[in-house]
Amino acid sequence: RRLSNDKIGIYEGQAAALQLIYMMYAEGKSLSEIKSVLEGMNVPSPYNGRSWGKQTLSNLLSNPHYLGSEEYPAIIASDLFETVQRIKAQRTCA
């Protein structure tokens, strides 16, 4: 969201959900398990639906914008992002 000073702000609820997704994946949960947890907690998907798609989760887990930039605030720590990318690469090759 845009703030009054024309910077991009963070929706805290969405940021918390995103951080939870990254942490669960880093802890070894599968996309299906993460989907079940989010739906069980009634966390709305990015499209404000109740259902989470595995492809949506995969896309979120691959998006470098969450590391932040001059325009966007960081939501995910770089070490967590790198851990998730390493796990995703290992699972893809397996």
- prompt: Of the accessible area of the chain, with the probe set at 1.4 angstrom, what percent is carbon plus sulfur?
  reply: 52
message: What's the longest uninterrupted piece of the chain once you rule out the chymotrypsin sites (Phe, Trp or Tyr not before Pro) that are loop residues per DSSP with at most 15 other Cβ within 10 Å?
response: 48-94
- request: Please return the longest stretch of the chain lacking exposed loop sites, where GluC sites (Glu not before Pro) count only if DSSP places them in a loop and at most 12 other Cβ atoms lie within 10 Å.
  value: 28-69
message: Which one, TYR22, GLY40, GLN85, projects farthest toward the positive side of the charge dipole computed for the chain from Cβ point charges (K/R +1, D/E -1)?
response: GLY40
D_trans [Stokes-Einstein, Kirkwood Rh over alpha-carbon pairs] for the chain, 25 °C, 0.890 mPa s, µm² s⁻¹: 176
Structure-based [θ]222 nm, the chain - -39500 (n - 2.57) summed over DSSP H runs of at least 4, per residue, nearest 500: -16500 deg cm²/dmol
task: Over the chain, average the accessible area per residue using a 1.4 Å probe and give it in Å², no decimals.
output: 65
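The values are calculated or read from the model by the stated rules, or taken from the named source; none is laboratory data. Everything quoted here is computed from the prediction, not taken from an experiment. Quick reminder, even Gly has a Cβ in these numbers, built from the backbone with ideal geometry, and neighbours come from all protein chains shown. We work out accessible area using only protein heavy atoms, side chains counted, and drop any ligands, DNA or RNA first. Shrake-Rupley method; radii C 1.70, N 1.55, O 1.52, S 1.80 Å.
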